[in-house]
Every structure is written in structure tokens, then in C-alpha cells.
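Remarks on the structure that follows.
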Amino acid sequence: MYQVEDYVVYGNEGVCQITAIEALDLTGMNEKKIYYVLQPVYRSGTVYTPVDTKVSMRPVITKEAAERLISEIPTIQAETDGPTNATFLKNKYTEMLLANDCSELIQIIKTVTTKEDIAEKKNKKIGQTDKYYLRKAEDLLYSEFSIALDMPTNQVHTYIKEKIEA
């Protein structure tokens with residue numbers, strides 16, 4: 001069980017801080033259930049989720065794990081072969097996001113940026129599906145890395161790029 005003030009990655013919500021653990025009657029059945037009260041770190045609002053939630057929730061990766069993953073980025077392969085229709089891509093990217101795993105996010109980012117480079121060479125642009133999931137993967141990855149590496153999210157991309165080039 002997590003503790004108050006822990007940082008967690010909750011589903012596709014991204015990084016949240018647990019602000020309370022409380023018994024709430026949200027079902028209207030006079031049955032109190034224990035909930036985590038989550039405050040998303042990079043947006044306003046509050047999320048209530050049962051302690052026994054089926055939604056993927058895990059601790060934010062450690063600084064050491066983030067650094068190790070950054071060093072492995074050059075070995076993570078982009079997947080540019082295969083079907084390119086929007087429905088297939090949406091299902092594939094959604095599945096990867098639901099894995100709630102930083103290496104899957106990196107693979108989405110590498111795949112879409114590689115496709116972007118290929119399209120640019122042909123004077124074309126990538127589709128809206130690719131663009132949407134690229135932004136989503138970057139938001140989720142950079143927000144988690146910003147907590148793990150103790151830096152603002154707008155510096156994470158540059159930090160990763162510099163580490164890879166070094």
C-alpha cells in the first residue's frame with residue numbers, strides 16, 4: 001500500500017501525488033471503501049481511486065532507473081514497419097500506453113519521430129494519430145522523468161538529448 005505524499009503513475013493520468021488515504025462512501029450503498037486521493041502533478045483536479053483499483057498504478061521510477069533507461073534509448077527500436085491505418089495505430093499505441101511502462105513510451109516516441117523524419121524527406125507529414133500519441137507519450141514520459149530526475153518537465157527533452165549525444 002502506498003503512503004501519503006508518495007508519487008505514483010496512475011493509468012494514463014500520469015504522475016500524481018497521494019494527498020490522502022480515506023474511507024469514502026462514493027457508491028451510495030453505505031459501504032465505506034478505502035480510496036487514494038490523488039493530485040495530478042501537472043494539471044489541476046483530484047482523482048479518487050479505490051486502494052484495490054484495477055487501473056495500473058505504480059511508483060515513479062527512481063533516478064537511477066531513469067538514468068539507466070536514458071542510456072538504453074539508442075538500443076530501443078522504432079517500429080516503422082506494419083500497417084499504417086489510423087485504427088490500427090490507435091489500438092497499438094493505446095495498448096502501449098496502457099502498459100504503463102517508460103520503455104513503451106520511449107518506443108512510441110522513437111517510432112513516431114522516425115516516421116516523421118521519413119515523411120519529411122518525402123515532403124510529407126505524419127498523420128494526426130501519430131501526432132496525438134507522440135504528444136501523449138512525451139507528456140507521460142517527461143513528467144515522470146521530471147520527478148525522478150528532479151528537474152522541470154520542459155528541461156527533460158534537452159537533458160535526454162544531451163545524455164544520448166555524450
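Numbers below:
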{"read-out": "Options (i) 57, 39, 25; (ii) 62, 37, 24; (iii) 52, 30, 28 - which one matches Cα extents along the principal axes in Å as calculated here", "value": "(ii)"}
{"read-out": "Accessible surface of the chain [probe 1.4 Å, protein heavy atoms]: carbon and sulfur percent", "value": "49"}
{"read-out": "Burial ranking of peptide ranges 131-139, 42-50, 117-125 (average Cβ count within 10 Å, highest at the top)", "value": "131-139, 42-50, 117-125"}
{"read-out": "Crossing angle, helix 63-72 versus the chain [Cα axis fit, 0-90 degrees, rounded to tens]", "value": "20"}
{"read-out": "Under the Debye formula (equal points on every Cα, no solvent term), log10 I(q)/I(0) of the stretch 6-59 at q = 0.20, 0.26, 0.27 Å⁻¹", "value": "-0.67, -1.01, -1.07"}
{"read-out": "I76 long-range amide H proximity, modeled H, under 5 Å", "value": "none"}
{"read-out": "Residue-wise HN-Hα coupling along the stretch 124-141, computed from phi with Karplus coefficients 6.51, -1.76, 1.60 (Hz; x: Gly, Pro)", "value": "10, 10, 7, x, 4, 4, 4, 4, 4, 6, 4, 4, 5, 5, 5, 4, 5, 5"}
{"read-out": "Cα lying deepest toward the dipole's positive end in the chain, options G82, L149, N12, charges on Cβ", "value": "G82"}
{"read-out": "1.4 Å probe accessible area per residue over the stretch 6-59, in Å²", "value": "57"}
{"read-out": "Reachable lysines from K63, criterion Cα separation under 24 angstrom, eight or more residues apart if same chain", "value": "K110, K136, K161, K163"}
{"read-out": "Length added when fully stretched, V55-E79, from 0.36 nm per residue minus Cα-Cα", "value": "6.0 nm"}
{"read-out": "Net dipole in debye of the stretch 63-165 [+1 Lys, Arg Cβ; -1 Asp, Glu Cβ; about Cα centre; nearest 20]", "value": "520"}
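The values are calculated or read from the model by the stated rules, or taken from the named source; none is laboratory data. Bear in mind the structure is a predicted one, so any value in this text is a computation, not a measurement. With ideal geometry, Cβ positions are generated from the backbone for all residues, glycine too; neighbour counts draw on all protein chains shown. To get the accessible areas, we keep the full protein, side chains included, count just its heavy atoms, and leave off ligands, DNA and RNA. Shrake-Rupley method; radii C 1.70, N 1.55, O 1.52, S 1.80 Å.
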